[in-house]
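**Q** What follows is a structure written as structure tokens; I'll ask about it next.
The values are calculated or read from the model by the stated rules, or taken from the named source; none is laboratory data. The structure displayed is predicted, hence computed values, not measured ones. Don't worry about glycine lacking a Cβ; one is built from the backbone with ideal geometry, like all the others, and counts go over all protein chains shown. Keep in mind that these areas ignore ligands, DNA and RNA; they rest on the heavy atoms of the full protein, side chains included. Shrake-Rupley method; radii C 1.70, N 1.55, O 1.52, S 1.80 Å.
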Amino acid sequence: MEVKIDARGLACPKPVIETKKALEGLKEGNIITVVDNTIARDNVSKLAKSMRLHYTVTEDGGEYQISIFKGEYSTQAEDMVQKRPDLANTVIFVGSDVMGTGDDVLGAILMKGYFYTLTEYEPFPKAILFVNSGVKLTIEGSPILEYLTKLMEMGTEVLSCGTCLDYYHLKDQLAVGGITNMYTIVETMQETNNTIRI
């Protein structure tokens, strides 16, 4: 059975809520949710991941189609999750788009090098929080997008401060991860064994 949800033009969390309702009412089959922004795409994908369901994402003309499979595909998804490496109970707090103080060009090089190295070093962090100008690293054109995408595939949660994205007028340019608020930032940092600030 295939169910299609047209969530274009709907603000979050409506696309997630509609998708969740459809999944709860479906014993086996395929839910296809169509959205028109990256935030909804990422949040619906996160829902599928949290439910341990296999999903795919395709783009066509600025619209995203998230296909979520339930039933016979669930075992495959569970196997994929089990193959992921364990995550360290560590949160990385990124408060700037450059590393260190002094020369910003050098700081940008260091930041890129840091995130590349992070993808090569296990265990991967539980979450990465981006605040202030750090959110510029999660938008379109960021030099570290491929590294953040790889970390997310390994299970790391990537979150950008919504207030910060609004302040810099970048919310519609978010290219990776989700949007969060100060409560979640504090909660995430409080629940971890170790917070690394860069």
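**Q** Scan A48, A11, A88 and give me the residue that is in a loop (DSSP other than H, G, I, E, B), at pLDDT 80 or above, small (G, A, S) and closer than 26 Å to V186 by Cα. Even if it seems obvious, please write down each step before you answer.
**A** Working: A48 fails: in a loop (DSSP other than H, G, I, E, B); A88 fails: in a loop (DSSP other than H, G, I, E, B).
From the options A48, A11, A88, the qualifying one is A11.
**Q** Sort through T184, T192 and tell me the only one that's within 19 Å of Y114 (Cβ to Cβ) and modelled with pLDDT under 90.
**A** None of the other options fit; the residue is T192.
**Q** Can you work out which of the residues in region 1-31 that are hydrophobic (A, V, I, L, M, F, W, C) and crowded, with 17+ Cβ neighbours inside 10 Å is nearest to G155 (Cα to Cα)?
**A** V16
**Q** Show the residue pairs that are 6+ apart or on different chains and have beta-carbon atoms under 7 Å apart, the first residue being within region 24-44 and over 21 Å from T180 (Cβ atoms) and modelled with pLDDT of 90 or more, the second being assigned to a helix (DSSP H, G or I) and open to solvent by 20 Å² or more (accessible area, probe 1.4 Å).
**A** So the pair list comes out as I31/A22.
**Q** Just to verify a result, which residue in region 122-144, among those that are out of contact with any strand residue (DSSP E or B) (no Cβ under 9 Å at 6 or more places or on another chain) and exposed (fewer than 15 other Cβ atoms within 10 Å of the Cβ), is nearest to N89 (Cα to Cα)?
**A** Only one residue tops the list, namely P143.
**Q** Can you tell me which condition T119 does not meet? The list is (1) open to solvent by 60 Å² or more (accessible area, probe 1.4 Å); (2) over 29 Å from E24 (Cα atoms); (3) at pLDDT below 95, and all the others hold.
**A** The failed condition is (1).
**Q** When you look at V81, is it at pLDDT 85 or above and of a type in the set (A, V, I, L, M), yes or no?
**A** Taking the combined requirement at face value, the residue does not satisfy it.
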